Amino acid sequence: MAKKLPTRVQDAFFRLVHGNRLVYNTCWEDPRLDRQLLELAPDSRVAVITSAGDNALDYLLDAPAQIDCVDVNFRQNALLELKRALFSRASFEELYAFFGEGGGAACAGVYARIRGALPEYAAGFWDRNIAYFKAGRLSRSFYYHGASGVVAFAFSKMISALKPGLRRNIPRLLGAASLEEQRRVFAAIEPAFWDRFSRWLVGRPETMALLGVPRPQIDLIRASHPGGLEGFVRDKVKQVFTGPSMAENYFWRVYLTGRYTRRCCPEYLKADNFAAIRDRLPRLASHTDTLSGFLRRHDGPGYTHFILLDHQDWLASHAPAALAEEWELIFANAAPGARILMRSAGLTVDFLPRDARRRLRFFPEVTEPLHAADRVGTYGSQHLAVVA
């Protein structure tokens, strides 16, 4: 095994990846669980980390009053703004060509038509990168672009070149007619997943950085999982492919195939939801800032919901003072009884400042059973807290 990179080098590589490119081309959190836990209502006001924007669009189906999407990486907001422009100025089929099929020959022309609906920064980004959607025989899907997409593309090519037997069985896995058949197919192909090269790739901090996993989260996984990083990934992959039905697991389908299907895709990509989301888009806004920076500038009614994803794992290790400040700003901007949803690479909420934990009520009896049904399967835990 190659010698691990020094801590400082790992952190610098992570900052380089996240500061210079689109990282997430699709959301990697299960909104079906989110919507059960959040219980959004017509008077809900939501603050959420943007990521790829998919889940924020799904939340519009519950008709909250307001959704503010915040991300320090402007490219993530540019991705959400492209989706918004397609909803407002294109047809459902054109939206689906971009984000259901991962691109196509007509996408450049559609982009030229809707470009005027984009903020200037988003138009600038897509002017440079609209070729991400030039799908075809010699091109690759949008879902194989961006940092996480590079890993998915490399894995896909590795399977095709080195593991043709595994490649032939993936359609059987995705198309299994029952959980019993799905588990049988996975048992047959699991050894091929974990040859020496796959194990080496999973153990590399560079691979994890491209997938959006910083060193503090790697350290959390190694500390909380008896099998270390490799054991954690192996267990999670097995959980995904032997637990929830792959017929509705669009998260893994898109990285294994480069596209969704009409039945296996996020809710925002279903034709029946197009009009409702389009009509509610004025309730959604994007903001390029840290969460603390945004909340410091916020002047309005308190938020009833915060969806924090897993960014606090990084803050807890690198910037505990900034994490404490973020929680003070969350409390200052929270409505009474506000719900806060977060995820972690670890198994507990020890990453939270002690003062914050004292002001929150947690519901593990609700979140832990749901976590077992998570279609993504990449987090160590999820947590629902209510401001006491």
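The values are calculated or read from the model by the stated rules, or taken from the named source; none is laboratory data. Fair warning: this is a prediction, and the values are worked out from it, not measured in the lab. Counting neighbours? That spans all protein chains shown, and the Cβs are built from the backbone with ideal geometry, glycine included. Note: accessible area is taken over every heavy atom of the protein model, side chains too, but ligands, DNA and RNA are not part of it. Shrake-Rupley method; radii C 1.70, N 1.55, O 1.52, S 1.80 Å.
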Restricting to the range 91-102, name every residue that is closer than 19 Å to Y132 by Cα and either assigned to a helix (DSSP H, G or I) or open to solvent by 30 Å² or more (accessible area, probe 1.4 Å) (or both). E93, E94, L95, Y96, A97, F98, F99, E101
Going by the structure shown, is D127 part of a helix (DSSP H, G or I), of a type in the set (D, E) and more than 20 Å from the chain's Cα centre (by Cα)? yes
Expected single match for polar (S, T, N, Q) and either more than 16 Å from the chain's Cα centre (by Cα) or open to solvent by 50 Å² or more (accessible area, probe 1.4 Å) (or both) among S88, S148, S51 is S88
Taking the range 170-194 on its own, how many of its residues are closer than 18 Å to A152 by Cβ and surrounded by 14 or more Cβ atoms within 10 Å (Cβ to Cβ)? 7
Condition check for R375: at pLDDT below 95, open to solvent by 10 Å² or more (accessible area, probe 1.4 Å) and basic (K, R): yes
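Those residues that are of a type in the set (A, V, I, L, M), touching a strand residue (DSSP E or B) at 6+ places or on another chain (Cβ under 6 Å) and under 14 Å from N25 (Cβ atoms), I need them from the range 54-82; list them, please.
L80
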Would you point out the residue of the range 243-262, among those that are over 17 Å from the mean Cα position of the chain (by Cα) and assigned to a loop (DSSP other than H, G, I, E, B), that is farthest from Y143 (Cα to Cα)? G243
Output the number of residues of the range 55-83 satisfying the condition of being closer than 18 Å to Y121 by Cα, open to solvent by 10 Å² or more (accessible area, probe 1.4 Å) and in a helix (DSSP H, G or I). 3
Would you pick out the residues in the range 322-347 that are in contact (Cβ under 8 Å) with a residue 60 or more places away in the chain and surrounded by fewer than 17 Cβ atoms within 10 Å (Cβ to Cβ)? A335, L347
Count of the range 266-308 residues which are closer than 26 Å to A41 by Cβ, open to solvent by less than 20 Å² (accessible area, probe 1.4 Å) and not aromatic (F, W, Y): 10
